[in-house]
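Chemist: Supplied in structure tokens, the structure appears directly below.
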Amino acid sequence: MMKEILQSLLPRLAALPGEVCVYGKDLTTDETCAYQADLPLVAASVIKIPILIEAFRQERDGLVSMDEIFAIRPEQKMPSCGALTYLHDGLRVTLRDLCVLMIILSDNSATNILIDRLGMENVNRTMRELGLTQTMLSRRLFDREAQAKGIQNYITAGEIGLLMEKLYRGQCVSPQADAAMLGILRDQRLNGKMPFFLHGEGIKIAHKTGEDDGITHDVGVVYAAHPLILCFISEHTDVPAFERFIQDAARDFAMGAGAEGQAL
């Protein structure tokens, strides 16, 4: 069914400008479908999933505590997404708070604080251990100097799909930690893409979005009657058109899997 649904969507995909990639997997039947799923694209905020996983890995290994306190300094406040930029200087938050803000509000200030605490090389090492070879955290967010040199963070739809499947199956850090991370991803507040129709059908989703100029992503686990991995990523595209595609495609895949909603 996954392949047939993707086949029906191919004319719309082919009509979109730039690079557009799709990966899907039915976690009950193991059927997969893919369109340019091995193409590395700029990660935008989807790179926050590997950072989240590294935070929980380091907690497992006794290197950090989720209760560790951070006082937010003015120079740590980044533009755009999130809440910390708009709150008072000196606000005290825990490492767990930073993880939650990074995911559910895509908080860029929280993300950079976590990158500095966890270590970029550690994030990448953990991704390699999990079998991801092209996913790469290469710079902090809003590092204009690095960006000017062409240094970017990268993902592929297929690799992020693999990562989300490992989370679903409890194979990233530990079953308990992976369940906690999926809980954070289910609390996502940025729900205008994959969940656009799904929430109205009572279908829950654990997911992360990403946006930048010409870029829009949404990746995650859809808790349909057959749980699904769905990953949509893009670059140099028509953002509104691809977001409409994501909304429709997520509904088609979920309904095609016999989705009726699933209590967690």
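Any read-out appearing in this document is the output of simple, stated calculations on the displayed coordinates, not a laboratory observation. These figures come from a predicted structure and were not determined experimentally. Heads up, the Cβs are rebuilt from the backbone with ideal geometry, glycines too, and the neighbour counts pull from every protein chain shown.
Chemist: As an exercise, find the ratio Rg/Rh for region 80-229 from alpha-carbon atoms, using the Kirkwood inverse-distance average for Rh.
Modeler: Rounded to two decimals, Rg over Rh is 0.95.
Chemist: Mind checking the alpha-carbon convex hull of region 148-264 and giving the volume per residue in Å³? Provide the component values of the computation, followed by the final result.
Modeler: Details: hull volume 12.9 nm³, N = 117.
Dividing the Cα hull volume of region 148-264 by its residue count gives 110 Å³.
Chemist: Not counting the cut sites, what is the longest span of the chain without GluC sites (Glu not before Pro) that DSSP labels loop and that have at most 14 other Cβ atoms within 10 Å?
Modeler: Numbers: sites that count: Glu68, Glu260.
For GluC sites (Glu not before Pro) (loop position, at most 14 other Cβ atoms within 10 Å), the longest site-free span of the chain is 69-259.
Chemist: Viscosity 1.002 mPa s, temperature 20 °C: what is the translational diffusion coefficient of region 14-142 from Stokes-Einstein with a Kirkwood Rh over Cα pairs, rounded to a whole number of µm²/s?
Modeler: 132
Chemist: With n ≥ 4 as the cut-off for DSSP H runs, can you work out [θ] at 222 nm for the chain, using -39500 (n - 2.57) per run divided by the number of residues, rounded to the nearest 500?
Modeler: Calculated mean residue ellipticity at 222 nm is -12500 deg cm²/dmol.
Chemist: Say the cut-off is 31 Å between C-alpha atoms; which of Lys3/Lys193; Lys3/Lys166; Lys77/Lys149; Lys25/Lys149 go over it?
Modeler: Where the Cα-Cα span goes over 31 Å, the pairs concerned are Lys25/Lys149.
Chemist: From the phi of every residue in region 155-171, what ³J(HN,Hα) in whole Hz does the Karplus formula 6.51 cos²θ - 1.76 cosθ + 1.60 yield, where θ is phi - 60° and glycine or proline is x?
Modeler: Each residue of region 155-171 in turn: 9, 10, 4, x, 5, 5, x, 4, 4, 5, 5, 4, 4, 4, 8, x, 10 Hz.
Chemist: Rank Arg144, Arg189, Arg169 by mean-square fluctuation in a GNM of the chain with C-alpha springs under 10 angstrom and give only the top-ranked residue.
Modeler: In this elastic network of the chain, the residue with the biggest mean-square fluctuation among Arg144, Arg189, Arg169 is Arg144.
Chemist: Return the whole-Å distance between the Cα centroid of region 83-115 and the Cα centroid of region 140-219.
Modeler: Centre-to-centre distance over Cα atoms comes out at 17 Å.
Chemist: Which length gain, in nm to one decimal place, applies between Glu4 and Thr28 when the Cα-Cα distance is subtracted from 0.36 nm times their residue separation?
Modeler: 7.0 nm is the gain from fully extending Glu4 to Thr28.
Chemist: Compute the Rg to Rh ratio over the chain from the alpha carbon atoms, using the Kirkwood formula for Rh, and round to two decimal places. Show your work: numbers first, answer last.
Modeler: Working: Rg = 17.6 Å, Rh = 18.5 Å.
The Rg/Rh ratio comes out at 0.95.
Chemist: Expressed as a fraction of 2.2 N^0.38 Å, the rule-of-thumb size for a compact globular protein of N residues, what is the C-alpha radius of gyration of region 92-168? Numbers along the way, then the final one.
Modeler: Working: Rg = 13.3 Å, N = 77, 2.2 N^0.38 = 11.5 Å.
Here the answer is 1.16, to two decimals.
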